[in-house]
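See below for the structure under consideration.
The values are calculated or read from the model by the stated rules, or taken from the named source; none is laboratory data. Computed from a prediction, not measured in an experiment: that's the story for all the values here. Please note: Cβ atoms are built from the backbone with ideal geometry, for glycine as well, and neighbour counts cover all protein chains shown.
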Ligand code: B16
Ligand code: MG
């Protein structure tokens with residue numbers, strides 16, 4: 001049975017990865033580090049602090065910054081990123097997502113969000129989707145990030161649906177692994193999962209029921 005669908009945010013509901021990349025690239029270049037789009041792929045689904053650590057490691061500079069420096073640099077990146085989110089609107093919802101969400105609502109399927117982004121509530125507000133999401137799992141309240149299953153388990157609990165009755169939708173490898181490790185069925189957007197679609201446009205309840 002499908003009773004709940006759990007969405008990832010960046011890469012599934014909207015494409016904020018391009019803004020994360022711009023903001024990280026700017027910060028990295030201030031630190032004398034050059035990153036490209038290929039490297040940015042490895043930051044998808046990774047928390048803010050772990051993303052910065054990965055960037056520093058990439059340049060062999062991980063021992064040059066104190067914990068306080070790391071927090072300050074993350075804040076700086078986030079300010080830049082939030083500035084870029086100011087103009088986000090309904091237009092930025094990825095193709096097919098809104099119709100799919102409406103289809104789920106009509107079928108009384110609960111909707112949860114399992115994003116590691118601390119900006120998720122703000123982003124959903126900007127996309128005018130907050131009222132359609134039943135529960136947003138809080139990434140600050142879970143111990144481990146993706147590929148650990150914590151955020152998916154928190155979302156399932158929040159919508160009050162057993163893990164075996166949930167299906168999660170992800171674009172990142174870390175997110176699919178997170179679902180695998182708690183036996184949640186997965187749909188991947190351009191990433192290998194129990195069921196894979198090339199684009200969000202292809203999502204429909206009928207196709208997802210193949211997993212039942
Ligand atoms: P924030 P998701 C993730 O979103 C992004 O893919 C990742 O690039 C980002 O570092 C992370 O959120 C944290 O975001 O800085 O806004 O807290 O894919 O889990 O929705
Ligand atoms: Mg994602």
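Can you say whether residue 5 is crowded, with 16+ Cβ neighbours inside 10 Å and away from ligand 2 (no atom under 12 Å from the Cβ), as far as the supplied structure shows? Before you say what the answer is, go through the steps one by one.
Numbers: crowded, with 16+ Cβ neighbours inside 10 Å: yes; away from ligand 2 (no atom under 12 Å from the Cβ): yes.
Here the answer is yes, as residue 5 does meet what is asked.
Among 127, 73, which is farther than 16 Å from residue 25 by Cα and in contact (Cβ under 8 Å) with a residue 24 or more places away in the chain?
127
Which of the residues that make up the stretch 84-96 are assigned to a helix (DSSP H, G or I) and either more than 21 Å from residue 122 (Cα to Cα) or within 13 Å of ligand 1 (Cβ to nearest atom) (or both)?
Start the filter on the stretch 84-96 by keeping residues that are assigned to a helix (DSSP H, G or I), which leaves 84-85, 90-92.
Of everything in the stretch 84-96, those that are assigned to a helix (DSSP H, G or I) and either more than 21 Å from residue 122 (Cα to Cα) or within 13 Å of ligand 1 (Cβ to nearest atom) (or both) turn out to be 84, 85.
If a residue must be within 9 Å of ligand 1 (Cβ to nearest atom) and either part of a loop (DSSP other than H, G, I, E, B) or without any contact (Cβ under 8 Å) to a residue 60 or more places away in the chain (or both), how many such residues does the stretch 7-16 contain?
Final tally of qualifying residues: 6.
Yes or no, residue by residue, for (1) more than 30 Å from residue 207 (Cα to Cα); (2) within 11 Å of ligand 1 (Cβ to nearest atom); (3) touching a residue at least 40 places away in the same chain (Cβ under 8 Å); (4) in a loop (DSSP other than H, G, I, E, B):
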{"residue": "5", "(1), (2), (3), (4)": "no, no, yes, no"}
{"residue": "18", "(1), (2), (3), (4)": "no, yes, no, no"}
{"residue": "34", "(1), (2), (3), (4)": "yes, no, no, yes"}
{"residue": "46", "(1), (2), (3), (4)": "no, yes, yes, yes"}
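So, in the stretch 48-66, of the ones that are out of contact with any helix residue (DSSP H, G or I) (no Cβ under 7 Å at 6 or more places or on another chain) and outside any loop (DSSP other than H, G, I, E, B), which residue ends up nearest to residue 168 (Cα to Cα)?
This residue is 50.
How many of the residues in the stretch 20-30 are more than 9 Å from ligand 1 (Cβ to nearest atom), without any contact (Cβ under 8 Å) to a residue 40 or more places away in the chain and surrounded by 17 or more Cβ atoms within 10 Å (Cβ to Cβ)?
The qualifying residues number 2.
Residue by residue, here is whether (1) within 16 Å of ligand 2 (Cβ to nearest atom); (2) at pLDDT 95 or above; (3) surrounded by fewer than 18 Cβ atoms within 10 Å (Cβ to Cβ) holds:
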{"site": "1", "(1), (2), (3)": "no, no, yes"}
{"site": "13", "(1), (2), (3)": "yes, yes, no"}
{"site": "32", "(1), (2), (3)": "no, yes, yes"}
{"site": "46", "(1), (2), (3)": "yes, no, no"}
{"site": "51", "(1), (2), (3)": "yes, yes, no"}
{"site": "55", "(1), (2), (3)": "no, yes, no"}
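Please tell me if residue 199 is within 16 Å of ligand 2 (Cβ to nearest atom) and crowded, with 21+ Cβ neighbours inside 10 Å. Explain how you work it out, then say what you get.
Working: within 16 Å of ligand 2 (Cβ to nearest atom): yes; crowded, with 21+ Cβ neighbours inside 10 Å: no.
Taking the combined requirement at face value, the residue does not satisfy it.
Kindly indicate whether residue 77 is crowded, with 17+ Cβ neighbours inside 10 Å, more than 16 Å from ligand 2 (Cβ to nearest atom), under 22 Å from the mean Cα position of the chain (by Cα) and not in a loop (DSSP other than H, G, I, E, B). Steps first, please.
Numbers: crowded, with 17+ Cβ neighbours inside 10 Å: yes; more than 16 Å from ligand 2 (Cβ to nearest atom): yes; under 22 Å from the mean Cα position of the chain (by Cα): yes; not in a loop (DSSP other than H, G, I, E, B): yes.
Spelling it out, residue 77 is indeed crowded, with 17+ Cβ neighbours inside 10 Å, more than 16 Å from ligand 2 (Cβ to nearest atom), under 22 Å from the mean Cα position of the chain (by Cα) and not in a loop (DSSP other than H, G, I, E, B).
Consider residue 177 carefully, then state whether it is under 23 Å from residue 48 (Cα atoms) and loosely packed, with under 15 Cβ neighbours inside 10 Å.
Working: under 23 Å from residue 48 (Cα atoms): yes; loosely packed, with under 15 Cβ neighbours inside 10 Å: no.
No.
Got a sec? Which helices (runs of 4 or more DSSP H) wholly within the stretch 117-212 have at least 1 residues that are closer than 18 Å to residue 46 by Cβ and in contact with a helix residue (DSSP H, G or I) (Cβ under 8 Å, 6 or more places away or on another chain)? It would help to see each step written out before you state the result.
Working: elements: 120-126, 150-159, 173-180, 205-208.
Fully inside the stretch 117-212 and qualifying: 120-126, 150-159, 173-180.
Here is a check on your reading of the model: is residue 164 modelled with pLDDT of 95 or more and within 16 Å of ligand 2 (Cβ to nearest atom)? Let's see the steps before the verdict.
Working: modelled with pLDDT of 95 or more: yes; within 16 Å of ligand 2 (Cβ to nearest atom): no.
Considered against the rule, which asks whether it is modelled with pLDDT of 95 or more and within 16 Å of ligand 2 (Cβ to nearest atom), residue 164 comes out as no.
Please work out if residue 132 is within 15 Å of ligand 2 (Cβ to nearest atom) and either farther than 13 Å from residue 7 by Cβ or more than 15 Å from the chain's Cα centre (by Cα) (or both).
Numbers: within 15 Å of ligand 2 (Cβ to nearest atom): no; either farther than 13 Å from residue 7 by Cβ or more than 15 Å from the chain's Cα centre (by Cα) (or both): yes.
For residue 132, the condition - within 15 Å of ligand 2 (Cβ to nearest atom) and either farther than 13 Å from residue 7 by Cβ or more than 15 Å from the chain's Cα centre (by Cα) (or both) - is not met.
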